[in-house]
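Notes follow the structure.
The values are calculated or read from the model by the stated rules, or taken from the named source; none is laboratory data. Since the model is a prediction, treat every value here as computed from it, not as a measurement. Glycine also receives a Cβ, built like all others from the backbone with ideal geometry; neighbour counts cover every protein chain displayed.
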Amino acid sequence: MGARRPVLGVAAFVAIALGAWALVRGGATEAPTGAAAPSASAATPTPIAKLDFHVHIDAEIAPAARTFLRAHGIGRAVNLSGGWVGAGLEETLAAAGGDPVFANVDFRGIGAPGWSEREVLRLERAKAMGARGVKIPKSLGLRVHTPDGRRVAVDDPLLDALFDAMGRLGLPLAIHTGDPRAFFDPPTRDNERYEELGAHPAWSFSDRSVYPTWDALLGELERRVARSSRTTIVSVHFGNAPEEPARVARWLDRYPNLWVDTAARVPELGHRAQEARAAILAHPDRVLFGTDLQFGSDGSLVLGAGEGFGHRREGVERFFTSTWRFFETRDRGFAHPTPIQGAWTIDGIGLPRDVLERVYHANAERLLGLGPTPL
Ligand SMILES: [Zn+2]
(Lines give C-alpha, C1' and ligand atoms only; values in the text may rest on other atoms or scores of the structure.)
Protein backbone atom coordinates (compact mmCIF):
# COMPACT_ATOMS: atom_id res chain seq x y z
CA MET A 1 0.00 0.00 0.00
CA GLY A 2 1.33 3.38 -0.95
CA ALA A 3 4.41 1.82 -2.50
CA ARG A 4 4.63 4.56 -5.12
CA ARG A 5 4.60 7.46 -2.70
CA PRO A 6 8.22 7.22 -1.57
CA VAL A 7 9.31 6.99 -5.20
CA LEU A 8 7.43 10.15 -6.04
CA GLY A 9 8.88 11.70 -2.92
CA VAL A 10 12.43 10.97 -4.03
CA ALA A 11 11.82 12.51 -7.43
CA ALA A 12 10.22 15.55 -5.87
CA PHE A 13 13.10 15.92 -3.39
CA VAL A 14 15.74 15.86 -6.06
CA ALA A 15 13.79 18.30 -8.20
CA ILE A 16 13.28 20.76 -5.38
CA ALA A 17 16.85 20.36 -4.19
CA LEU A 18 18.34 21.15 -7.54
CA GLY A 19 15.82 23.86 -8.34
CA ALA A 20 16.32 25.63 -5.03
CA TRP A 21 20.08 25.30 -5.32
CA ALA A 22 19.96 26.94 -8.74
CA LEU A 23 18.04 29.84 -7.22
CA VAL A 24 20.52 30.23 -4.37
CA ARG A 25 23.48 30.17 -6.69
CA GLY A 26 21.74 32.47 -9.14
CA GLY A 27 21.39 35.15 -6.48
CA ALA A 28 24.73 34.54 -4.90
CA THR A 29 27.00 36.70 -7.01
CA GLU A 30 25.57 40.10 -6.26
CA ALA A 31 26.75 41.07 -2.77
CA PRO A 32 29.78 40.12 -0.73
CA THR A 33 29.46 38.49 2.66
CA GLY A 34 29.12 41.09 5.37
CA ALA A 35 27.25 43.61 3.24
CA ALA A 36 25.82 46.08 5.72
CA ALA A 37 22.52 47.00 4.13
CA PRO A 38 19.63 44.55 4.13
CA SER A 39 18.95 43.37 0.63
CA ALA A 40 17.41 40.32 -0.92
CA SER A 41 20.75 38.95 -2.07
CA ALA A 42 23.09 39.74 0.81
CA ALA A 43 23.65 36.13 1.87
CA THR A 44 26.49 34.82 -0.19
CA PRO A 45 27.41 31.63 1.64
CA THR A 46 31.04 31.60 2.74
CA PRO A 47 32.75 28.51 1.29
CA ILE A 48 33.13 26.63 4.57
CA ALA A 49 32.25 22.95 5.01
CA LYS A 50 29.01 22.43 6.92
CA LEU A 51 28.15 19.56 9.22
CA ASP A 52 24.50 19.72 10.26
CA PHE A 53 24.35 18.29 13.77
CA HIS A 54 20.56 17.96 13.87
CA VAL A 55 18.41 16.33 11.20
CA HIS A 56 15.77 13.60 11.18
CA ILE A 57 15.83 11.24 8.19
CA ASP A 58 13.66 8.19 7.63
CA ALA A 59 15.83 5.36 6.28
CA GLU A 60 13.73 4.93 3.13
CA ILE A 61 14.41 8.48 1.98
CA ALA A 62 18.06 8.76 3.08
CA PRO A 63 19.77 8.91 -0.37
CA ALA A 64 17.43 11.67 -1.58
CA ALA A 65 17.82 13.55 1.70
CA ARG A 66 21.60 13.46 1.29
CA THR A 67 21.29 14.76 -2.28
CA PHE A 68 19.11 17.59 -1.00
CA LEU A 69 21.50 18.50 1.83
CA ARG A 70 24.61 18.35 -0.37
CA ALA A 71 22.87 20.56 -2.93
CA HIS A 72 22.46 23.14 -0.16
CA GLY A 73 26.07 23.03 0.91
CA ILE A 74 25.72 20.60 3.84
CA GLY A 75 28.42 17.99 3.35
CA ARG A 76 27.46 15.78 6.27
CA ALA A 77 24.49 15.52 8.64
CA VAL A 78 23.80 13.76 11.93
CA ASN A 79 20.56 11.77 11.87
CA LEU A 80 19.22 12.01 15.42
CA SER A 81 16.34 9.62 14.65
CA GLY A 82 18.24 6.36 14.50
CA GLY A 83 15.77 4.26 16.45
CA TRP A 84 17.07 1.54 18.74
CA VAL A 85 18.46 -1.94 18.30
CA GLY A 86 15.76 -4.14 16.76
CA ALA A 87 13.55 -1.13 16.00
CA GLY A 88 15.00 0.78 13.08
CA LEU A 89 18.64 1.31 14.09
CA GLU A 90 19.98 -1.40 11.77
CA GLU A 91 18.11 0.08 8.79
CA THR A 92 19.04 3.66 9.63
CA LEU A 93 22.74 2.83 9.92
CA ALA A 94 22.70 0.85 6.67
CA ALA A 95 21.08 3.76 4.81
CA ALA A 96 23.26 6.51 6.32
CA GLY A 97 25.95 6.45 3.64
CA GLY A 98 28.61 6.91 6.33
CA ASP A 99 26.95 9.93 7.94
CA PRO A 100 26.64 9.81 11.76
CA VAL A 101 23.55 8.25 13.33
CA PHE A 102 22.36 8.69 16.93
CA ALA A 103 20.41 5.89 18.67
CA ASN A 104 17.26 6.54 20.67
CA VAL A 105 15.96 5.33 24.03
CA ASP A 106 12.81 3.29 24.60
CA PHE A 107 11.12 4.78 27.67
CA ARG A 108 8.33 2.22 27.73
CA GLY A 109 8.48 0.39 31.04
CA ILE A 110 10.68 2.96 32.78
CA GLY A 111 10.46 2.43 36.52
CA ALA A 112 9.72 -1.28 36.10
CA PRO A 113 12.41 -3.78 37.11
CA GLY A 114 15.00 -4.37 34.38
CA TRP A 115 14.35 -1.20 32.40
CA SER A 116 17.80 0.33 33.00
CA GLU A 117 19.60 -2.92 32.22
CA ARG A 118 17.64 -3.35 28.98
CA GLU A 119 18.38 0.16 27.76
CA VAL A 120 22.05 0.10 28.81
CA LEU A 121 22.48 -3.16 26.89
CA ARG A 122 20.85 -1.57 23.85
CA LEU A 123 23.27 1.37 24.05
CA GLU A 124 26.24 -1.00 24.22
CA ARG A 125 24.98 -2.83 21.14
CA ALA A 126 24.19 0.43 19.35
CA LYS A 127 27.74 1.62 19.95
CA ALA A 128 29.14 -1.67 18.63
CA MET A 129 26.97 -1.34 15.52
CA GLY A 130 28.31 2.13 14.76
CA ALA A 131 25.96 4.60 16.44
CA ARG A 132 27.85 7.82 17.30
CA GLY A 133 25.61 9.16 20.07
CA VAL A 134 22.18 9.12 21.68
CA LYS A 135 19.17 11.40 21.25
CA ILE A 136 16.43 11.88 23.83
CA PRO A 137 13.38 13.84 22.63
CA LYS A 138 11.25 16.31 24.53
CA SER A 139 8.86 13.61 25.74
CA LEU A 140 11.23 13.16 28.69
CA GLY A 141 10.11 15.75 31.22
CA LEU A 142 6.73 16.25 29.55
CA ARG A 143 5.11 12.94 28.62
CA VAL A 144 7.20 10.06 30.00
CA HIS A 145 5.56 8.50 33.06
CA THR A 146 6.26 5.48 35.24
CA PRO A 147 3.71 2.63 35.14
CA ASP A 148 2.07 4.10 38.26
CA GLY A 149 1.56 7.44 36.51
CA ARG A 150 4.37 9.55 37.95
CA ARG A 151 6.04 12.04 35.58
CA VAL A 152 9.72 11.21 35.10
CA ALA A 153 11.80 14.33 35.61
CA VAL A 154 14.97 14.84 33.54
CA ASP A 155 17.05 14.58 36.71
CA ASP A 156 15.18 11.53 38.05
CA PRO A 157 17.59 8.98 39.61
CA LEU A 158 15.80 6.31 37.52
CA LEU A 159 17.90 7.62 34.61
CA ASP A 160 21.29 7.66 36.35
CA ALA A 161 22.50 4.28 35.04
CA LEU A 162 21.61 5.23 31.48
CA PHE A 163 23.45 8.55 31.69
CA ASP A 164 26.46 6.86 33.29
CA ALA A 165 26.53 4.33 30.43
CA MET A 166 26.62 7.08 27.80
CA GLY A 167 29.63 8.59 29.52
CA ARG A 168 31.37 5.25 29.87
CA LEU A 169 30.72 4.34 26.21
CA GLY A 170 31.79 7.76 24.91
CA LEU A 171 28.38 8.35 23.36
CA PRO A 172 27.45 12.05 23.49
CA LEU A 173 23.81 12.73 24.26
CA ALA A 174 21.65 15.18 22.32
CA ILE A 175 18.72 16.03 24.57
CA HIS A 176 15.62 18.10 23.91
CA THR A 177 14.22 19.41 27.20
CA GLY A 178 11.33 21.85 27.16
CA ASP A 179 10.31 23.83 24.07
CA PRO A 180 9.88 27.51 23.15
CA ARG A 181 9.06 29.54 26.26
CA ALA A 182 5.86 30.80 24.63
CA PHE A 183 4.49 27.24 24.39
CA PHE A 184 4.34 27.18 28.20
CA ASP A 185 2.41 30.46 28.41
CA PRO A 186 -1.35 30.67 27.81
CA PRO A 187 -2.07 30.70 24.03
CA THR A 188 -3.66 34.13 24.14
CA ARG A 189 -3.32 36.97 21.64
CA ASP A 190 -0.36 38.49 23.43
CA ASN A 191 1.58 35.19 23.13
CA GLU A 192 4.42 35.83 20.66
CA ARG A 193 3.64 32.49 18.93
CA TYR A 194 -0.15 32.92 18.94
CA GLU A 195 -0.58 31.98 15.25
CA GLU A 196 1.57 28.87 15.50
CA LEU A 197 -0.22 27.66 18.63
CA GLY A 198 -3.53 28.33 16.89
CA ALA A 199 -2.43 26.08 14.01
CA HIS A 200 -1.03 23.43 16.40
CA PRO A 201 -3.00 23.52 19.68
CA ALA A 202 -1.34 20.27 20.82
CA TRP A 203 2.00 22.11 21.01
CA SER A 204 0.83 24.12 24.03
CA PHE A 205 2.15 23.04 27.43
CA SER A 206 0.30 25.74 29.35
CA ASP A 207 -1.91 23.33 31.35
CA ARG A 208 -0.20 23.40 34.76
CA SER A 209 -2.23 20.40 35.96
CA VAL A 210 -0.36 18.30 33.36
CA TYR A 211 2.98 19.99 32.60
CA PRO A 212 5.72 21.64 34.66
CA THR A 213 6.74 25.22 33.96
CA TRP A 214 9.45 26.14 31.45
CA ASP A 215 11.76 27.19 34.28
CA ALA A 216 11.16 23.99 36.23
CA LEU A 217 12.11 21.86 33.21
CA LEU A 218 15.27 23.86 32.58
CA GLY A 219 16.13 23.42 36.26
CA GLU A 220 15.75 19.65 35.93
CA LEU A 221 18.07 19.63 32.95
CA GLU A 222 20.64 21.79 34.73
CA ARG A 223 20.71 19.41 37.70
CA ARG A 224 21.07 16.46 35.29
CA VAL A 225 24.02 18.10 33.51
CA ALA A 226 25.65 18.76 36.90
CA ARG A 227 25.10 15.22 38.15
CA SER A 228 26.11 13.38 34.95
CA SER A 229 29.32 15.38 34.62
CA ARG A 230 31.19 12.60 32.79
CA THR A 231 28.59 12.49 30.03
CA THR A 232 28.78 15.01 27.19
CA ILE A 233 25.34 16.54 26.89
CA VAL A 234 24.26 18.64 23.91
CA SER A 235 21.17 20.60 24.90
CA VAL A 236 19.59 21.05 21.47
CA HIS A 237 17.73 24.14 20.23
CA PHE A 238 20.29 26.40 21.96
CA GLY A 239 19.62 24.84 25.32
CA ASN A 240 15.92 25.35 24.65
CA ALA A 241 16.45 28.81 26.08
CA PRO A 242 17.33 30.84 22.96
CA GLU A 243 15.00 33.48 24.39
CA GLU A 244 17.68 34.08 27.06
CA PRO A 245 21.13 33.62 25.49
CA ALA A 246 22.86 35.04 28.58
CA ARG A 247 21.33 32.29 30.68
CA VAL A 248 22.65 29.69 28.23
CA ALA A 249 26.10 31.31 28.37
CA ARG A 250 26.07 31.03 32.18
CA TRP A 251 25.27 27.30 31.93
CA LEU A 252 28.15 26.85 29.48
CA ASP A 253 30.43 28.73 31.90
CA ARG A 254 29.43 26.45 34.73
CA TYR A 255 29.31 22.99 33.07
CA PRO A 256 32.21 21.94 30.82
CA ASN A 257 30.28 18.81 29.72
CA LEU A 258 27.47 20.95 28.26
CA TRP A 259 27.20 21.89 24.56
CA VAL A 260 24.33 23.45 22.57
CA ASP A 261 23.17 23.35 18.97
CA THR A 262 21.40 26.08 17.00
CA ALA A 263 18.75 23.85 15.37
CA ALA A 264 15.47 25.57 14.52
CA ARG A 265 16.27 28.54 16.77
CA VAL A 266 17.68 31.08 14.33
CA PRO A 267 14.38 33.03 14.66
CA GLU A 268 14.82 33.44 18.44
CA LEU A 269 18.57 34.01 18.29
CA GLY A 270 18.29 36.55 15.48
CA HIS A 271 15.55 38.32 17.43
CA ARG A 272 18.18 39.25 20.04
CA ALA A 273 21.29 39.04 17.90
CA GLN A 274 23.72 41.00 20.12
CA GLU A 275 23.10 38.80 23.12
CA ALA A 276 23.17 35.62 21.01
CA ARG A 277 26.46 36.66 19.38
CA ALA A 278 28.05 37.36 22.76
CA ALA A 279 26.97 33.94 24.09
CA ILE A 280 28.42 32.12 21.07
CA LEU A 281 31.66 34.12 21.09
CA ALA A 282 32.11 33.31 24.79
CA HIS A 283 31.89 29.57 24.04
CA PRO A 284 32.93 29.09 20.40
CA ASP A 285 34.09 25.50 20.97
CA ARG A 286 30.78 24.10 22.29
CA VAL A 287 28.21 25.46 19.84
CA LEU A 288 27.08 23.24 16.94
CA PHE A 289 25.32 24.28 13.75
CA GLY A 290 22.07 22.39 13.15
CA THR A 291 18.88 22.83 11.14
CA ASP A 292 16.29 20.30 12.47
CA LEU A 293 15.23 19.45 8.90
CA GLN A 294 12.95 16.41 8.88
CA PHE A 295 12.73 14.08 5.88
CA GLY A 296 9.78 11.67 5.98
CA SER A 297 9.58 8.35 4.16
CA ASP A 298 6.53 9.69 2.29
CA GLY A 299 8.62 12.46 0.76
CA SER A 300 7.59 15.06 3.31
CA LEU A 301 10.05 17.79 4.26
CA VAL A 302 9.69 19.85 7.42
CA LEU A 303 11.73 23.05 7.60
CA GLY A 304 11.76 23.40 11.37
CA ALA A 305 7.99 24.02 11.48
CA GLY A 306 5.20 21.75 10.36
CA GLU A 307 4.11 22.26 6.80
CA GLY A 308 4.93 19.00 5.08
CA PHE A 309 6.12 18.73 1.55
CA GLY A 310 3.81 21.54 0.47
CA HIS A 311 6.90 23.74 0.84
CA ARG A 312 7.43 25.73 -2.27
CA ARG A 313 10.83 26.30 -3.74
CA GLU A 314 10.82 29.88 -2.40
CA GLY A 315 10.36 28.58 1.13
CA VAL A 316 13.32 26.24 0.81
CA GLU A 317 15.48 28.98 -0.66
CA ARG A 318 14.50 31.43 2.08
CA PHE A 319 15.27 28.84 4.76
CA PHE A 320 18.87 28.41 3.64
CA THR A 321 19.68 31.96 2.55
CA SER A 322 18.24 33.37 5.78
CA THR A 323 20.21 30.82 7.83
CA TRP A 324 23.56 31.63 6.17
CA ARG A 325 22.80 35.34 6.33
CA PHE A 326 22.18 35.06 10.09
CA PHE A 327 25.50 33.36 10.82
CA GLU A 328 27.67 35.20 8.32
CA THR A 329 26.50 38.82 8.06
CA ARG A 330 25.59 41.75 10.29
CA ASP A 331 22.58 42.53 8.07
CA ARG A 332 19.56 43.84 9.93
CA GLY A 333 15.81 43.39 9.67
CA PHE A 334 15.48 40.43 7.32
CA ALA A 335 12.99 37.56 7.26
CA HIS A 336 13.91 34.60 9.46
CA PRO A 337 14.00 31.04 8.08
CA THR A 338 10.54 29.91 9.28
CA PRO A 339 8.09 32.84 9.41
CA ILE A 340 5.29 30.58 10.75
CA GLN A 341 7.17 30.62 14.04
CA GLY A 342 6.70 34.31 14.69
CA ALA A 343 5.98 37.64 13.03
CA TRP A 344 9.31 39.38 13.54
CA THR A 345 12.48 39.98 11.55
CA ILE A 346 16.00 39.08 12.62
CA ASP A 347 19.51 40.53 12.56
CA GLY A 348 22.65 38.66 11.58
CA ILE A 349 25.40 37.84 14.08
CA GLY A 350 28.29 37.94 11.57
CA LEU A 351 30.58 35.44 13.28
CA PRO A 352 34.31 35.78 12.55
CA ARG A 353 35.68 33.27 10.05
CA ASP A 354 37.48 31.12 12.66
CA VAL A 355 34.31 30.84 14.77
CA LEU A 356 32.24 29.99 11.70
CA GLU A 357 34.66 27.16 10.95
CA ARG A 358 34.16 25.78 14.46
CA VAL A 359 30.40 26.18 14.64
CA TYR A 360 29.74 24.96 11.08
CA HIS A 361 31.85 21.79 11.27
CA ALA A 362 35.00 21.59 13.41
CA ASN A 363 33.28 21.36 16.81
CA ALA A 364 31.07 18.47 15.69
CA GLU A 365 34.02 16.70 14.08
CA ARG A 366 35.90 16.93 17.39
CA LEU A 367 32.86 15.80 19.40
CA LEU A 368 32.17 12.80 17.17
CA GLY A 369 35.74 11.89 16.24
CA LEU A 370 35.24 12.48 12.52
CA GLY A 371 37.61 13.48 9.75
CA PRO A 372 37.10 16.61 7.65
CA THR A 373 33.60 17.28 6.37
CA PRO A 374 33.38 17.58 2.57
CA LEU A 375 32.74 21.11 1.31
ZN1 LIG B 1 14.84 17.79 16.08
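In segment 35-94, the residue that is modelled with the lowest pLDDT out of those that are hydroxyl-bearing (Ser, Thr, Tyr) and farther than 25 Å from Met129 by Cα is Ser39. Taken over segment 317-329, the criterion of being over 12 Å from Leu303 (Cα atoms) and assigned to a helix (DSSP H, G or I) is satisfied by Thr321, Ser322, Trp324, Arg325, Phe326, Phe327, Glu328. Residues of segment 364-375 that are within 21 Å of Val260 (Cβ to Cβ) and surrounded by fewer than 23 Cβ atoms within 10 Å (Cβ to Cβ): Glu365, Arg366, Leu367, Leu368, Gly369, Leu370, Thr373. When segment 207-260 is filtered for residues that are of a type in the set (Ser, Thr, Tyr) and without any contact (Cβ under 8 Å) to a residue 12 or more places away in the chain, only Ser209 remains. Only residues that are in a loop (DSSP other than H, G, I, E, B) and not hydrophobic (A, V, I, L, M, F, W, C) were counted across segment 130-162, and they come to 12. All of (1) surrounded by fewer than 20 Cβ atoms within 10 Å (Cβ to Cβ); (2) of a type outside the set (D, E, K, R); (3) over 26 Å from Arg265 (Cβ atoms); (4) in contact (Cβ under 8 Å) with a residue 12 or more places away in the chain hold for Ser139 with one exception: (3). In the set Ala165, Ala87, Ala174, only one residue is touching an Asp or Glu at 6+ places or on another chain (Cβ under 9 Å) and farther than 30 Å from Pro242 by Cβ; that residue is Ala87.
Condition first: assigned to a loop (DSSP other than H, G, I, E, B) and either exposed (fewer than 15 other Cβ atoms within 10 Å of the Cβ) or at pLDDT 95 or above (or both). Can you find one or more residues in segment 213-220 that meet it? Checked segment 213-220: at least one residue is assigned to a loop (DSSP other than H, G, I, E, B) and either exposed (fewer than 15 other Cβ atoms within 10 Å of the Cβ) or at pLDDT 95 or above (or both). Among the residues making up segment 222-244, those that are closer than 14 Å to Tyr255 by Cα and either within 16 Å of the ligand (Cβ to nearest atom) or of a type in the set (Lys, Arg) (or both) are Arg223, Arg224, Arg227, Arg230, Ile233, Val234, Ser235, Gly239. Among the residues of this structure, Leu301 counts as one that is closer than 27 Å to His72 by Cβ and either within 16 Å of the ligand (Cβ to nearest atom) or hydroxyl-bearing (Ser, Thr, Tyr) (or both).
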